[in-house]
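So the structure is just underneath, and the comments pick up after that.
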Amino acid sequence: MFRGTLVRLALWYLLLFALIVACFNLIVYVSLSQALQASVFNDLQNKAKVAIDNNLKVTGNTIDQDPTKLIVGPNYADVCVVIEQFTAGQTGEQVVNGCSLYGVKELPERTSIALARQGIVSKYIEVTTANETFAVRTEPLRNHEHQLVGAVQVAKPISWIGDTLDRLKRLLAIASAVAMVLGALVALLMANKSLGPIRAAFQKQRDFVADASHELRTPLTLIRTNAEAWLRRSDGGSGAVYARNVVDETDQLSAIVRDLTTLALSDARQLRIDRKPVEVSSTLRGLIDQFQPVAEQRGVTIQPDLDGGVTVQADPSRLRQLFLILLDNAVRYSPAGGAVTVGVARHNGRVAVTVVDRGIGISSKDLPHIFERFYRADKARSRESGGSGLGLAIAKWIAEVHKGDIDVRSAPGAGTTVTVTFPVLK
Ligand SMILES: Nc1ncnc2c1ncn2[C@@H]1O[C@H](COP(=O)(O)OP(=O)(O)O)[C@@H](O)[C@H]1O
Ligand SMILES: [Mg+2]
C-alpha cells in the first residue's frame, strides 16, 4: 500500500538533502578558496611593505644596489622580488631580479610596471609561466622628495592553491556520494515513518467499510424474506405491487452490498485467493450454459468459440466472477436480437479471452472511466437493468491479482470488445 507515495516522498526528502549537501559543498569550497586567496594577498602586501620600509634604501634617484637581503632574507622564503629603477626609456634598469633564480623569465610584469611609473599600485595580478602561476603585487618606489624612482614587484607561486582546491573538490565529491547513499536510506526510512499514521488510518477506514457492508447483509436478507412472505400473503391483492417493489429493490441493494463487500475486503486485503490450475475453455463453457437462460430472457444469443485447452493458475470462483461480469455487461448492453461472441486464443505465453458484443458501445468520453467504482455511462439505463457500476472495478481487481490485463475497445452504436489476458500455466 502507498508504494508510489513512499518513493515519491523519499525522493523529495532526498532532493532536499541533496540541496543541503550542495549548499554545504559550495560554502566550504568558496570560503576556503577565498581564505587562501586572502592569505596570499596579505602576504604580498606585507612583504612589499617590509621590502620598501626596511630593506630598500633610496639615495636621491638611485636604489640601494645590495640585493642580497631582498633575496635570501628570511622574509622572502616563499616569494621572489623584482626591483626596477626607472630610466628615461620604457624598460628601466633591473636592480634586483630574485625571480630569475626560480627560472622565471616572465617577471617583471610589464603592464603593472608601466602603471607604477604613474604612481599606481597593482595589488594582485596573476601571471602564468611555463610551469607555475604567480600572484604579483607591484608598488611604485619614491625617494625622500616623493619622486617616483622605481618599482617593487613581489611574486608568490600560487599553483598549490589550485591543486589544493582540486583535491578538495575530489574529496567533497566522494563525501557527497557517500552522503547521498546514506541520505537515500535515511530518506526512505523517514518517508516510511511519516507514512505510518496515514497507512494506519487508511487501513482502519477500509476495515470499517468492509465491516459495514458485511453487517448490512443480514438485515437485507431478513427484509427480503419478510417482503416475500408479504408478497405470498397478498395473493395478487393491492399490496402485491408494493411487496414486489420491495423484493426487487432489496435484490438490487443486496447486489450492490455484495459487490461493495468484495471491493472493501479486497482493499483491506482480507480476501483469500486460492490459486489452482483452471482450464479456461471449460470454465467459460460451464458459465455460458448457466447464463444462457438470462441471455435468452433478454433476447440475446451467446456464441461460444472455445476450441483448444489452455490452463491458467487462478482462483476458479474469482475467474468465473470476472467472466460473468463481462458476459453480463455484453448481454445487458446489447439490444434484443443481438449476439455476443466469447472466444479464447493463445498468444505469446498468454491466453486472451474476448467478449464481443454489437450493442450500444461506450463513448470515448466514458471509456477511460468505466473501471472506476460506481461509474456508469448511462445511469438511467444501467440502473433500470440492475447495474451498480461496480462490476468492472471488481473485474479489474480480479485480473490484477491474477497478473492479468483488461483492455476495452468500443465505438458507440457499433459494439464493445473486452479482452482479458492471463499468463498461461506451463
Ligand atoms: N459491453 C458494454 N457495452 C456498453 N457499455 C458497457 C459495456 N460494459 C460496460 N459498459 C459501460 O461501463 C459502465 C460500467 O460497467 P460496470 O462496472 O459493469 O457497471 P454496471 O453495473 O453499470 O454494468 C456501465 O455502466 C456501462 O455504461
Ligand atoms: Mg456490469
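Just so it is clear, none of the values below were taken in a lab; they were calculated from the coordinates. Keep in mind the model is a prediction, meaning the values are calculated, not measured. Heads up, the Cβs are rebuilt from the backbone with ideal geometry, glycines too, and the neighbour counts pull from every protein chain shown.
Miscellaneous remarks
- Absence of a disulfide-compatible partner, taken as no other cysteine beta carbon within less than 4.7 angstrom, is noted in the chain for C23.
- Burial ordering of W230, W160, fewest other beta-carbon atoms within 10 Å first: W160, W230
- Full-stretch length increase - A336, R409 - with 0.36 nm per residue and alpha-carbon distance subtracted: 24.1 nm
- Residues whose amide H comes within less than 5 Å of that of A411, counting only those at least five positions distant or on another chain, are I362 (H built at 1.01 Å from N in the peptide plane).
- Extent of segment 3-163 along its three principal axes (Cα atoms, max minus min coordinate, largest first): 86, 28, 27 Å.
- Relative contact order (percent, whole number), the chain, Cα cutoff 8 Å, 6+ residue spacing: 11 percent
- The chain: DSSP helices with Cα axial extent of at least 15 Å and average Kyte-Doolittle hydropathy no lower than 0.0: 3-50, 159-234, 239-267, 316-332, 391-401
- Within straight-line reach of K57, meaning a Cα separation under 28 Å, sit the following lysines at least 8 residues removed in sequence or on another chain: K47, K49, K69, K105, K123, K156.
- The packing ranking, built from the mean of other Cβ atoms within 10 Å per residue, places the peptides 106-114, 354-362 in the order 354-362, 106-114, highest first.
- For segment 192-300: rounded, prolate or oblate by the Cα gyration tensor [a/c cutoff 1.5]: oblate
- Order of L322, L32 - criterion: other Cβ atoms within 10 Å of each residue's Cβ, fewest first: L32, L322
- Between the C-alpha center of segment 36-59 and that of segment 221-260 there is a gap of 108 Å.
- With θ taken as phi - 60° and the Karplus curve 6.51 cos²θ - 1.76 cosθ + 1.60 applied, the whole-hertz 3J(HN,Hα) list for segment 346-359 is 10, 7, 6, x, 10, 10, 10, 9, 10, 10, 10, 10, 10, x Hz, x standing for glycine and proline.
- When each of the peptides 98-104, 278-284 is scored by the mean number of other C-beta atoms lying within 10 Å of its residues, the order from highest to lowest reads 278-284, 98-104.
- Highest average packing first - 192-198, 131-137, Cβ atoms within 10 Å: 131-137, 192-198
- Under a Gaussian network description of the chain, with springs only between Cα atoms under 10 Å, the residue in S213, S388, S234 that fluctuates furthest is S234.
- Nearby aspartates and glutamates by direct alpha-carbon distance to K403 (threshold 16 angstrom, same-chain neighbours under 8 apart not counted): D274, D315
- Amide H contacts of V340 (H built 1.01 Å from N, under 5 Å, at least 5 apart or other chain): T301, I302, Q303
- Charges were assigned to the Cβ only: +1 to each Lys and Arg, -1 to each Asp and Glu. The resulting dipole of the chain about its Cα centre is roughly 1100 debye.
- Helix content alone sets the calculated 222 nm mean residue ellipticity of the chain: runs of n ≥ 4 DSSP H residues at -39500 (n - 2.57) each, divided across all residues, give -18000 deg cm²/dmol.
- Of interest is the spacing of the C-alpha centroids, which for segment 319-354 and segment 128-204 amounts to 67 Å.
- Computed from the C-alpha gyration tensor, the three semi-axes of the ellipsoid equivalent to the chain are 96, 24, 19 Å, from longest to shortest.
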